[in-house]
Amino acid sequence: MGILEVQNVNKSFGGLKALQNVNLNIEEGTIHAIIGPNGAGKSTLLNCFVGKLVPDTGTVMFNGQSLLGIKPHEINQTGVSRVFQTPEIFTDLSVMENVLIPCFAKRDGAFKMNALNRVRNEVDIQEKAEQMLIDVNMIDKRDMIASSMSRGDKRRLEMAMCLAQDPKLLLLDEPTAGMARADTNNTIDLLSEIQDRRHITMAVIEHDMHVVFSLAQKISVLAQGTVIVEDLPENIKGHPKVQEAYLGG
Ligand code: ADP
Ligand code: MG
């Protein structure tokens, strides 16, 4: 059984069928890439996993529990976390302070900015935040101001903030979009390190085939709202259906 099982999902926007009978099975502990041409429905599908959109028909099961009709913050509490295309970090705060905030939020169930003032008395929170920074190889940058970092390091920081929520499934929509090659490679290393250290399942939407083939253990190809192929990476390269989809044939 997969940690995320999607069956026969359909979603239309007015007359436009964005998703048609989509099936997807993501196995626990794997990195599963979702690829496909622009407008194929990848982001729409991801939005159905986090409660931002509700499918018209079909089922989305996470750990055997339906996610349909569940509010986004409740889905997040069950262990599904999303990483945004532009890292959502507090640019005026230090790296450490950025990670302390979600550590507090996870423990107290709510985000409180003034929690940062109490930090000296909160050894468990400090230790957790340090561990998150160690996991993303940023502990030596703990006192840097977030705005001064490279894009790749901002992505690392955002990932540490995400890990503070103890996710079981991480969803990433084009995590390397707009990045220079060095930051892209930094992000590839980061995601494989996190998988090695924490065995977190990841669903990654990605355009960059170098990223896809560096990371994915399974690939689903979406075209015009339908999964046309789900297979191992070695069977995706050169697959006639995939080539046809990308060439628009
Ligand atoms: P991808 O992420 O694969 O590029 P999307 O999921 O963003 O594709 O979009 C799939 C299709 O659905 C596109 O034709 C897009 O224009 C349309 N679409 C996406 N979101 C909406 C929306 N909120 N309202 C209307 N149409 C939408
Ligand atoms: Mg998209």
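Considering (1) modelled with pLDDT under 95; (2) closer than 29 Å to Asn63 by Cβ; (3) of a type in the set (Gly, Ala, Ser), the lone condition that Ala115 does not fulfil carries the number (2).
Is it the case, given these coordinates, that Leu53 is of a type outside the set (Asp, Glu), within 17 Å of the chain's Cα centre (by Cα), closer than 30 Å to Ile219 by Cα and within 16 Å of ligand 1 (Cβ to nearest atom)?
Working: of a type outside the set (Asp, Glu): yes; within 17 Å of the chain's Cα centre (by Cα): yes; closer than 30 Å to Ile219 by Cα: yes; within 16 Å of ligand 1 (Cβ to nearest atom): yes.
So Leu53 fits the description; yes.
Give the number of residues within the stretch 192-205 that are at pLDDT below 95 and within 11 Å of the chain's Cα centre (by Cα). So that I can check it myself, show each step before the final result.
First, pick out the residues of the stretch 192-205 that are at pLDDT below 95: 192-200.
Now drop any that are not within 11 Å of the chain's Cα centre (by Cα), which leaves 200.
Of the residues in that region, 1 qualify.
Within the stretch 229-249, no residue satisfies the criterion of being among the aliphatic types (A, V, I, L, M), farther than 23 Å from Val9 by Cα and either within 16 Å of ligand 2 (Cβ to nearest atom) or assigned to a loop (DSSP other than H, G, I, E, B) (or both). Kindly check whether there is at least one residue in the stretch 10-21 that is surrounded by fewer than 16 Cβ atoms within 10 Å (Cβ to Cβ) and more than 22 Å from Ile228 (Cα to Cα). Yes, that holds for at least one residue.
Could you list, in sequence order, the residues of the stretch 222-238 that are over 20 Å from Ile188 (Cα atoms) and either touching a residue at least 12 places away in the same chain (Cβ under 8 Å) or of a type in the set (Asp, Glu) (or both)?
Narrowing the stretch 222-238 to residues over 20 Å from Ile188 (Cα atoms): 222-231, 235, 238.
Answer for the stretch 222-238, where residues must be over 20 Å from Ile188 (Cα atoms) and either touching a residue at least 12 places away in the same chain (Cβ under 8 Å) or of a type in the set (Asp, Glu) (or both): Leu222, Ala223, Gln224, Gly225, Thr226, Val227, Ile228, Val229, Glu230, Asp231.
When you scan the stretch 34-138 for helices (runs of 4 or more DSSP H) that lie fully inside it, which ones turn up with 1 or more residues that are in the same structural domain as Ser214 (by TED's automatic domain parsing), away from ligand 2 (no atom under 16 Å from the Cβ) and over 30 Å from Pro233 (Cβ atoms)?
Numbers: elements: 42-49, 72-77, 95-108, 123-135.
Counting at least 1 such residues, we get 72-77.
Scanning the stretch 209-228 for residues that are crowded, with 18+ Cβ neighbours inside 10 Å and either among the aromatic types (Phe, Trp, Tyr) or not in a helix (DSSP H, G or I) (or both) gives Ala216, Lys218, Ile219, Ser220, Val221, Leu222, Ala223, Gly225, Val227. For the stretch 59-74, the condition holds for at least one residue, the condition being that it is within 16 Å of ligand 1 (Cβ to nearest atom) and among the aliphatic types (A, V, I, L, M).
The set of residues in the stretch 1-33 being part of a strand (DSSP E or B), on the phi < 0 side of the Ramachandran plot, of a type in the set (S, T, N, Q) and more than 16 Å from ligand 1 (Cβ to nearest atom) consists of Gln7, Asn23, Asn25.
Residues in the stretch 151-175 that are part of a loop (DSSP other than H, G, I, E, B) and within 16 Å of ligand 1 (Cβ to nearest atom) were compared, and the one that is surrounded by the fewest Cβ atoms within 10 Å (Cβ to Cβ) is Glu174.
The values are calculated or read from the model by the stated rules, or taken from the named source; none is laboratory data. Computed from a prediction, not measured in an experiment: that's the story for all the values here. Reconstructed Cβ throughout: ideal geometry from the backbone, glycine too, with neighbour counts over all protein chains shown.
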